Amino acid sequence: MSNIGSIFGIGSNASKEERKQAFIQTIQQQHNLEHARMLIQSINENCYEKCVPKPGSSLARAEDDCVKNCAMKYMAAWNVVSQSLVGRIKEGGL
């Protein structure tokens with residue numbers, strides 16, 4: 001078990017509950033990283049395609065502003081959807 005414990009950053013003297021919590025925390029971190037990756041990919045796909053119709057060697061100021069504004073709106077919408085989903089899960093709706 002010490003090998004598994006070391007993966008999660010806990011020693012072999014850790015209780016079963018500590019190991020369980022470390023495992024849960026690791027899974028949550030991996031889940032959060034995957035969500036961040038998905039968000040960045042979605043922003044890249046949607047905002048870049050919308051704001052940069054003819055890619056060149058650099059962005060025009062208007063394109064840069066468009067990408068920034070789009071990304072901010074996209075992240076705000078993502079947060080609203082995520083919070084709503086978490087709320088439903090906590091209420092047992094999903």
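In table form, for the structure just shown:
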read-out	value
Residue selected from the range 61-87 under the condition closer than 13 Å to Ile40 by Cα and touching a helix residue (DSSP H, G or I) at 6+ places or on another chain (Cβ under 6 Å), by the criterion modelled with the lowest pLDDT	Trp78
Near pairs, Cβ below 9 angstrom, 6+ apart or cross-chain, from the range 1-27 (exposed (fewer than 14 other Cβ atoms within 10 Å of the Cβ)) to any residue that is in a helix (DSSP H, G or I) and at pLDDT below 60	Gly11/Ser2; Gly11/Gly5; Ser12/Ser2; Ser12/Gly5; Ser12/Ser6; Asn13/Gly5; Thr26/Ile7
Those residues of the range 82-93 which are without any contact (Cβ under 8 Å) to a residue 12 or more places away in the chain and either among the polar types (S, T, N, Q) or loosely packed, with under 10 Cβ neighbours inside 10 Å (or both), in sequence order	Gln83, Ser84, Lys90, Glu91, Gly92, Gly93
Tally, over the range 39-61, of residues that are surrounded by 10 or more Cβ atoms within 10 Å (Cβ to Cβ) and either β-branched (Val, Ile, Thr) or assigned to a helix (DSSP H, G or I) (or both)	14
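The values are calculated or read from the model by the stated rules, or taken from the named source; none is laboratory data. Being a predicted model, the structure only gives us computed values, none of them experimental. Backbone-built Cβ (ideal geometry, glycine too); neighbour counts: all protein chains shown.
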